[in-house]
1. List pairs: first in segment B:107-120 and within 14 Å of another protein chain (Cβ to nearest Cβ) and under 18 Å from B:Arg71 (Cα atoms), second open to solvent by less than 50 Å² (accessible area, probe 1.4 Å) and hydrophobic (A, V, I, L, M, F, W, C), Cβ under 8 Å, 6+ apart or cross-chain?
2. Can you find even one residue in segment A:153-172 that is crowded, with 20+ Cβ neighbours inside 10 Å, under 19 Å from A:Leu289 (Cβ atoms) and either at the interface with chain B (Cβ under 10 Å from one of its Cβ atoms) or touching a residue at least 60 places away in the same chain (Cβ under 8 Å) (or both)?
3. Tally up the residues in segment A:136-153 that are at pLDDT below 95 and either in a helix (DSSP H, G or I) or among the small types (Gly, Ala, Ser) (or both), please.
4. Suppose we keep only residues that are at pLDDT 90 or above and of a type in the set (A, V, I, L, M) within segment A:173-192. Which one would you say is least open to solvent (accessible area, probe 1.4 Å)?
5. Filter segment A:95-117 for residues that are touching a helix residue (DSSP H, G or I) at 6+ places or on another chain (Cβ under 8 Å) and open to solvent by less than 20 Å² (accessible area, probe 1.4 Å); which is farthest from the other protein chains (Cβ to nearest Cβ)?
6. Name the residues in segment B:83-103 that are within 8 Å of chain A (Cβ to nearest Cβ) and open to solvent by 50 Å² or more (accessible area, probe 1.4 Å), would you?
7. So, of the residues in segment A:58-90 that are modelled with pLDDT of 75 or more and part of a loop (DSSP other than H, G, I, E, B), which turns out to be farthest from A:Ile26 (Cα to Cα)?
8. Conditions: (1) open to solvent by 30 Å² or more (accessible area, probe 1.4 Å); (2) modelled with pLDDT of 90 or more; (3) within 11 Å of chain A (Cβ to nearest Cβ). B:Lys77 meets all but one. Number of the miss?
Amino acid sequence: MLRRIVSLVAALIFGMFSLNTFAADIKLNGFASAYARASLTEDPHSLWTDGKGVNYSNDTKIGLNLRSDYEENWSANAQLVAAQKSILATNSSPTWAPGFDWFFVTYDDPATDLSINVGRQLFPGTLTAEYVDVGLTYPWRRLPEQFASIQPFKAFEGVSVQRQMNLFGQALSIRVFGGGGRPNGFDTVPPTTAEIDDLIGTRLNLEGDGWKLHSTYSQFHVVQLIPSYTATPTPPSNSTLNIIRIAIPGTIRVFTLGAHYEKESLMIYSEYSQSHLSETDAIFTSRELAKGYYSTLGYHFGKFLPHYTYSYAKFDAGHLIAGHEKSHALGLNYQMNPSTVVKGEYLIQEDTHGALVLSSEGTARSVALGINLVF
Amino acid sequence: MRKFSCLIVQFGFFFGALAYAHLSIAYAEITIITHPATKNQWTEKQVHDLYVGTLRAGQVRVLEQTDSEIRKEFYDKFLQKSEAQMKKIWSVLIFSGQRAPSLAANNQATLDYVKTHPDSIGYVSSQFWKLELTKPDKERPVVLFVVK
């Protein structure tokens, strides 16, 4: 109920701002990505095999950002994104679904130096989470998937409060957030949905010119909905979609620590994340769900940026896809102009899974070529 | 007579080149201006951090010029960043909903904006600013500092 009130309030205020300021100070900015990716191996045992042919839609998207500054302390922000909603869909049936990825209202209080956001916001779980769809802002085609899959969801509805302060000449920002809702979860066909409840968390950023340290802690409850197809016996044969509800008892806790350094010509990204499930009937019992990390090293040669990324993730025996995964990615970026970057990638993904629903072990190799731009 | 004409032309080119060089040198200086109500709030480091995104701006309106010539000078001399680096920095701020710069087409547009928006900061060429000082204007913005 509270989440619905928060979303409604944010939507009403955003609408009010838009009407009042339509002829005034509304800023529009956009971004777009287009990629072609081809599998070089067809290991049927690998989780990462895309099948034959070239896939054009998994990382292709376009987005529009709207911002309206109202009076001295208020602003309204929203971002509309159109992207394929399924990583399992084939080229013949991508499910493009434009929608508001996030929208919130911000109040800046000069007296306390606090900034308050109300509405739908991106979950600040990783270094790049709050601008994850804008490929120009980071070196990879996408965040290493082994690591990204540890993050529980993409967005939530609620409130966040942030304060920035000066720490030995550098900027320290502390953000506390809470809420829940129906976040953008893993992309599947049809999309799995999960109700997030009682989310609370905190994000700490310490940054200076060319470097940033980031850490996030969050905890929440979840009820996950998983699609299941049952074939009907009579022709024409159809599949009936059933939703299996799995209420996960206990509290899920997620912790991430990351660092980014980019100065002169050197570029380094590195992050570690882990998630735990605490059973409600044993407060001090904690079961590890997943943990993983990645490290990226790159070097700017003029407009070229070659980089290498290693990623590893381990999923608990009780996890849906228990096992471990790792990947090696070689990338080469070319900065065509300040607003456009071309990226090439050679990717090797290895996985070993075996439990519950999915069992696989294999290696997948792929190449990708694409472009990211902002406008 | 023909030789004299050639000499005049050559001198003309020479002095013209000198004048252009003088103008270019003067244009290379950039003056950072702000609304009179906010003059005492911003140091050089704070303005630098506002533009590179490490200082949260609240409702401070930071101006960028779409005139690429002076913008490049400002990035190079004061921020010590390339255009690609600044585009990435602004993209992070814009697409995470933090803030977006206000845009001004040229020096005059920057001046007009800063005069009418308290808590705004912008940059103009020092050559333009010196010309502005010769005009009577009670609401003229104030200078925070000059980048040479």
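The values are calculated or read from the model by the stated rules, or taken from the named source; none is laboratory data. All values reported here derive from a predicted model rather than from experimental measurement. Note that each Cβ is placed from the backbone with ideal geometry, even for glycine, and that neighbours are counted across all protein chains shown. What goes into the accessible areas is simple: the full protein's heavy atoms, side chains included, and nothing from ligands, DNA or RNA. Shrake-Rupley method; radii C 1.70, N 1.55, O 1.52, S 1.80 Å.
1. That search, which allows pairs on different chains as well, returns B:Tyr113/B:Leu63; B:Tyr113/B:Ala104; B:Ser120/B:Val60; B:Ser120/B:Val62; B:Ser120/B:Leu63; B:Ser120/B:Val114.
2. No - not one qualifying residue is present in segment A:153-172.
3. Final tally of qualifying residues: 5.
4. At the first step, the residues of segment A:173-192 found to be at pLDDT 90 or above are A:173-179.
Subset that is of a type in the set (A, V, I, L, M): A:174, A:176.
Values: A:Ile174: 57, A:Val176: 81 Å².
Filtering segment A:173-192 for residues that are at pLDDT 90 or above and of a type in the set (A, V, I, L, M), the one least open to solvent (accessible area, probe 1.4 Å) comes out as A:Ile174.
5. Restricting to residues being touching a helix residue (DSSP H, G or I) at 6+ places or on another chain (Cβ under 8 Å) and open to solvent by less than 20 Å² (accessible area, probe 1.4 Å), the top hit is A:Val105.
6. If the condition is that a residue be within 8 Å of chain A (Cβ to nearest Cβ) and open to solvent by 50 Å² or more (accessible area, probe 1.4 Å), then B:Lys87 is the only one that fits.
7. It comes out as A:Asn58.
8. (3)
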